Amino acid sequence: MAKNEFSQYQKAVISGYYNNLDTIMLQKLSELVTELYLADTQAKRDRLWQRAHKAMVRLKVPPAIIDHIMNKKDVQILAKNLQDWLAYKKK
């Protein structure tokens with residue numbers, strides 16, 4: 001079986017991705033908030049909430065906060081928490 005050998009450039013790209021994963025997930029979560037506000041069907045909202053849940057897990061948000069947000073499924077609660085997370089990230 002062949003080994004996965006990456007060029008120096010590929011290694012740098014991969015490393016950069018994982019170093020900035022939290023920023024990437026915050027951006028995706030921000031886009032999901034916008035999509036949730038605009039969602040017109042319940043099925044679409046459900047799919048978007050599933051994606052938001054996965055993004056919060058990848059951000060290592062405490063499970064109690066994730067559970068609260070997912071139980072309420074209120075976009076305003078998610079947006080408020082996202083603002084707090086973005087403000088914390090800037091510090």
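The values are calculated or read from the model by the stated rules, or taken from the named source; none is laboratory data. Values in this document were obtained by computation on a predicted structure and should not be read as measured data. We place every Cβ from the backbone using ideal geometry, glycine too, and count neighbours over all the protein chains shown.
Rundown of residues vs (1) at pLDDT below 95; (2) surrounded by 12 or more Cβ atoms within 10 Å (Cβ to Cβ); (3) small (Gly, Ala, Ser); (4) over 13 Å from the mean Cα position of the chain (by Cα), yes/no style:
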| site | (1), (2), (3), (4) |
| --- | --- |
| 7 | yes, no, yes, yes |
| 10 | yes, no, no, yes |
| 17 | yes, no, no, yes |
| 21 | yes, yes, no, no |
| 32 | no, yes, no, no |
| 41 | no, no, no, yes |
| 48 | no, yes, no, no |
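Is it the case, given these coordinates, that residue 46 is among the acidic types (Asp, Glu) and part of a helix (DSSP H, G or I)?
yes
How many of the residues in region 18-43 are without any contact (Cβ under 8 Å) to a residue 12 or more places away in the chain and either under 18 Å from residue 88 (Cα atoms) or out of contact with any Leu (no Cβ under 9 Å at 6 or more places or on another chain) (or both)?
12
Of all residues in region 58-76, which are over 26 Å from residue 20 (Cβ atoms) and in a helix (DSSP H, G or I)?
Scanning region 58-76 gives 64, 67, 68, 71, 72, 76.
Report whether or not residue 14 is under 20 Å from residue 87 (Cβ atoms), of a type in the set (A, V, I, L, M) and not in a loop (DSSP other than H, G, I, E, B).
Working: under 20 Å from residue 87 (Cβ atoms): no; of a type in the set (A, V, I, L, M): yes; not in a loop (DSSP other than H, G, I, E, B): yes.
Here the answer is no, as residue 14 does not meet what is asked.
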